[in-house]
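Q: Quick one: this structure, given as structure tokens, is what I'll be asking you about.
Every number here is computed from the coordinates shown, using simple stated rules; none is lab data. Quantities reported herein were computed from a predicted structural model and do not represent experimental measurements. Backbone-built Cβ (ideal geometry, glycine too); neighbour counts: all protein chains shown.
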Amino acid sequence: SAVISQKPSRDICQRGTSLTIQCQVDSQVTMMFWYRQQPGQSLTLIATANQGSEATYESGFVIDKFPISRPNLTFSTLTVSNMSPEDSSIYLCSAASRTEAFFGQGTRLTVV
Amino acid sequence: ILNVEQSPQSLHVQEGDSTNFTCSFPSSNFYALHWYRWETAKSPEALFVMTLNGDEKKKGRISATLNTKEGYSYLYIKGSQPEDSATYLCAFEGGADGLTFGKGTHLIIQP
């Protein structure tokens, strides 16, 4: 099975700034996803990270606010731009092969 | 490192039969237990978020129970159908550390 390294694990940021979260998988995977998860609630899919092209965003999420890169099969970044306190959440990276899905430990973001 | 275990790892069930599988998790620092359904080439789909000991939730033919004191949750599927074939993942949410996922139960429904 694959191991996902996601960093930072937590951060406290000033409103108006941006934070980039990195996700590294130790093996090649077909798909990578970015989620947001608020305490006690289910994961909300932000976007599917596509290798070498623009990410596919879910309704309610836009590229200007959450730019995503995926330069190769094992690495992706999510940026939370122009942050406000409403962006305080856990951001989670997930990767999937044909047979398994894997998850990072998440990044706990607090915006003050 | 939190220990979240799911059993069995894989399961073959005849169409029409009912089945269940288990997620065990730490009984301390409990905040919520999540169940997800994942199919190849798709993103995981949320099934249930369970927070209270003794909780029982139902969605169609799928239901789940929660015992936080002993640290386990069961997922039940009644009258299995081929479209139920998927990997079912549980995730433990405790304290401030986000989600810790189990490795999943891979369910195959045989016609």
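Q: Here are A:Arg108, A:Arg98: which of them is closer than 23 Å to B:Gly94 by Cβ, facing another protein chain (nearest Cβ under 10 Å) and either in contact (Cβ under 8 Å) with a residue 12 or more places away in the chain or touching a helix residue (DSSP H, G or I) at 6+ places or on another chain (Cβ under 7 Å) (or both)?
A: Just one listed residue meets the conditions, A:Arg108.
Q: So, one more: Taking the stretch A:20-56 only, how many residues are touching an Asp or Glu at 6+ places or on another chain (Cβ under 6 Å) and away from chain B (no Cβ under 11 Å)?
A: Here is the first cut: in the stretch A:20-56, the ones touching an Asp or Glu at 6+ places or on another chain (Cβ under 6 Å) are A:45.
With the extra rule that they be away from chain B (no Cβ under 11 Å), the set shrinks to none.
Total satisfying the criteria: 0.
Q: With the structure loaded, tell me whether B:Glu15 is under 21 Å from A:Gly106 (Cβ atoms), touching a residue at least 12 places away in the same chain (Cβ under 8 Å), touching a Ser or Thr at 6+ places or on another chain (Cβ under 9 Å) and among the acidic types (Asp, Glu) or whether it fails that test.
A: no
Q: I need the full set of residues from the stretch B:52-85 which are at positive phi and either in contact (Cβ under 8 Å) with a residue 60 or more places away in the chain or within 14 Å of chain A (Cβ to nearest Cβ) (or both), in order please.
A: Of everything in the stretch B:52-85, just one residue is at positive phi and either in contact (Cβ under 8 Å) with a residue 60 or more places away in the chain or within 14 Å of chain A (Cβ to nearest Cβ) (or both), namely B:Gly79.
Q: Just checking, how many residues over the stretch B:9-34 are within 14 Å of chain A (Cβ to nearest Cβ) and within 18 Å of A:Thr99 (Cα to Cα)?
A: Residues of the stretch B:9-34 within 14 Å of chain A (Cβ to nearest Cβ): B:9-10, B:29-34.
Okay, now just the ones that are also within 18 Å of A:Thr99 (Cα to Cα), so B:9-10.
Of the residues in the stretch B:9-34, 2 are within 14 Å of chain A (Cβ to nearest Cβ) and within 18 Å of A:Thr99 (Cα to Cα).
Q: Say whether the condition of being under 13 Å from the mean Cα position of the chain (by Cα), hydroxyl-bearing (Ser, Thr, Tyr) and assigned to a loop (DSSP other than H, G, I, E, B) is met by at least one residue in the stretch A:26-44. Spell out the reasoning first.
A: From the stretch A:26-44, those under 13 Å from the mean Cα position of the chain (by Cα) are A:31-37, A:43-44; that's our starting set.
Now drop any that are not hydroxyl-bearing (Ser, Thr, Tyr), which leaves A:35, A:44.
Pick out the ones that are also assigned to a loop (DSSP other than H, G, I, E, B) and you get none.
Scanning the stretch A:26-44, I find no residue that is under 13 Å from the mean Cα position of the chain (by Cα), hydroxyl-bearing (Ser, Thr, Tyr) and assigned to a loop (DSSP other than H, G, I, E, B), so the answer is no.
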